[in-house]
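Each remark here refers to the structure printed beneath this line.
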Amino acid sequence: MKKLIPLLLLSLTWTSLAQPPPMRVAMNGFVNDNVIAGSVTAVATKSDVLSLETTGYANLETKTTMPPNAMFWIASMTKPMAAVCVLQLQEAGKLSIEDPVEKHLPEFAGQWMVESRAKGKLTLKKPGRAITIRDLLTHTSGLPNANSPRPESTLAELVMSYSKTPLQFEPGDRWSYSNAGINTLGRVVEVASSTPFADYLQTHVLDPCGMKDTTFWPSPAQAKRIATSYRPDSDGKLQPVEVYFLKGGLSNRKRTPYPAGGLYSTAADVVAFYQMMLNGGTYKSKQVLQKKTAALMTRTQTGDIKTGFVDGMSWGLGFQVVKAPIGVNESLAAGTYGHGGAYATQSWADPKTGRIVVLMIQRAGFRNGDNSPVRKAFQEAVQQQFGR
């Protein structure tokens, strides 16, 4: 007989007395099969949390039961939060997303683009136009990724190196996921607001949304609640792994606050962020964005350009947007928006049903975190449990 999985059920809407709720069955199954160590899942509306469940362990070695306020490295789920900062500054008249990046960051003036790579020879040319803030928000700038020289690099240092790296293609012509592009947006925020990016994010997004457990630098007390990250070894046994993206000490506030993927957070905090978006930019009477801005960010901005890591996706401004509900997105309605993270976390909001779904796990090694079997089963279980 398989060992019972510790589970905390904070809200139950499944009415069948004969069977356990589908979400619990799905997540317990992945823990029992050693696919994940544990999870926190949430289903919410614009105003209420319908379900917040924990399954399995935050740490397999110590058998620490997963708490509902467990913290996770949410990785690229940071990107939409960074994008909100940019659009706030557009509302304030301090920038336009149509601005060339060089207007705010002069180091980008005179950028080059790769024309060809043949027989060991690199040929460069001038792009047809300069990259814009919109290009960065939609990953259509052609700006390639580059490694940080040290854990305590400032965004100014990082962005200087990006500005001297040739573009991969003509701006706006195609899509290529760019952490460098989102980090550059963080530097634009710093220059346009005259405020360090992390401070701006805290004051203008995290605090108004009540996201008290979302941070680039978890405190020693918060660190005790961080779920351990795991990757399966050659025998399929889950082994702990480091968060590769973050070096230089967990609570070290000099460590780079990456806009592209540096935040730690909880399921409840992520729900609060998406409640703000579903409520047209307002969270509990605090306006974070104008309603028209929230709508702009969460509708397709990439036209017919093929984007994303799974079929049927498009890109808004900092958000992925479901264009066609196929494959792993089959249970999500067209127009649903959100973002995933490197260790297979997921966060999605459907403006048609007003439903938010959040999946918090720390699992490295999936071929595609956006197309993981855990995500697919979780979303299907949500639909079964709460309706379409």
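The values are calculated or read from the model by the stated rules, or taken from the named source; none is laboratory data. The shown structure was predicted, so the numbers you read here are calculated from the model rather than taken from an experiment. Cβ placement follows ideal geometry from the backbone for every residue including glycine, while neighbour counts extend to all protein chains displayed. Only protein heavy atoms, including side chains, enter the accessible area calculation; ligands, DNA and RNA are left aside. Shrake-Rupley method; radii C 1.70, N 1.55, O 1.52, S 1.80 Å.
Tabulated data
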| item | result |
| --- | --- |
| Extreme residue, surrounded by the fewest Cβ atoms within 10 Å (Cβ to Cβ), among residues of region 170-209 that are hydroxyl-bearing (Ser, Thr, Tyr) and in a helix (DSSP H, G or I) | Thr203 |
| Unique residue being without any contact (Cβ under 8 Å) to a residue 24 or more places away in the chain and not polar (S, T, N, Q) when the list is Glu157, Glu152, Glu107 | Glu157 |
| Strands (runs of 3 or more DSSP E) wholly inside region 35-149 containing at least 3 residues that are crowded, with 23+ Cβ neighbours inside 10 Å and in contact with a helix residue (DSSP H, G or I) (Cβ under 6 Å, 6 or more places away or on another chain) | 38-44 |
| Residue check for Thr64: on the phi < 0 side of the Ramachandran plot and within 25 Å of the chain's Cα centre (by Cα) | no |
| Filter result for Lys352 (more than 28 Å from Ala58 (Cβ to Cβ), of a type in the set (D, E, K, R) and not in a loop (DSSP other than H, G, I, E, B)) | no |
| The lone exception for Ala260 - which of (1) of a type in the set (A, V, I, L, M); (2) farther than 30 Å from Thr353 by Cα; (3) part of a loop (DSSP other than H, G, I, E, B) it fails | (2) |
| Candidates Tyr283, Tyr264, Tyr244, Tyr343 - the one that is among the aromatic types (Phe, Trp, Tyr), over 25 Å from Thr140 (Cβ atoms) and modelled with pLDDT under 95 | Tyr244 |
| Pick from region 236-275, criterion open to solvent by 10 Å² or more (accessible area, probe 1.4 Å), among the hydroxyl-bearing types (Ser, Thr, Tyr) and more than 14 Å from the chain's Cα centre (by Cα), ranking: farthest from Asn34 (Cα to Cα) | Ser251 |
| Counted residues, region 181-194 - those being closer than 14 Å to Thr138 by Cβ and touching a Pro at 6+ places or on another chain (Cβ under 7 Å) | 2 |
| Residues that are touching a strand residue (DSSP E or B) at 6+ places or on another chain (Cβ under 9 Å), farther than 14 Å from Glu170 by Cβ and touching a residue at least 12 places away in the same chain (Cβ under 8 Å), drawn from region 123-137 | Ile133, Leu137 |
| Looking only at region 151-164, and only at residues there that are open to solvent by 40 Å² or more (accessible area, probe 1.4 Å) and of a type outside the set (Asp, Glu), the one that is nearest to Lys247 (Cα to Cα) | Pro151 |
| First in region 242-264 and without any contact (Cβ under 8 Å) to a residue 40 or more places away in the chain, second anywhere and open to solvent by less than 50 Å² (accessible area, probe 1.4 Å) and not polar (S, T, N, Q), Cβ under 6 Å, 6 or more apart | Leu250/Pro218; Leu250/Ala223; Ser251/Trp217; Arg253/Trp217 |
| Qualifying positions in region 22-79 - among the charged types (D, E, K, R) and within 15 Å of Tyr264 (Cα to Cα) | Lys79 |
| Which numbered condition Ile361 misses (of (1) over 25 Å from Ala26 (Cα atoms); (2) touching a residue at least 40 places away in the same chain (Cβ under 8 Å)) | (1) |
| Subset of region 276-317 (residues that are more than 19 Å from the chain's Cα centre (by Cα), crowded, with 16+ Cβ neighbours inside 10 Å, part of a loop (DSSP other than H, G, I, E, B) and at negative phi) | Asn279, Gln290, Ile305 |
| Every residue from region 318-335 that is touching a strand residue (DSSP E or B) at 6+ places or on another chain (Cβ under 6 Å) and crowded, with 22+ Cβ neighbours inside 10 Å | Phe319, Gln320, Val321, Asn329, Leu332 |
| The listed residue being among the polar types (S, T, N, Q) and touching a residue at least 40 places away in the same chain (Cβ under 8 Å), out of Ser285, Ser331 | Ser331 |
| So Asp213, is it of a type in the set (Asp, Glu) and open to solvent by 40 Å² or more (accessible area, probe 1.4 Å) | no |
| Any hit, region 210-233, residues being without any contact (Cβ under 8 Å) to a residue 24 or more places away in the chain, under 26 Å from Lys63 (Cα atoms) and not in a helix (DSSP H, G or I) | yes |
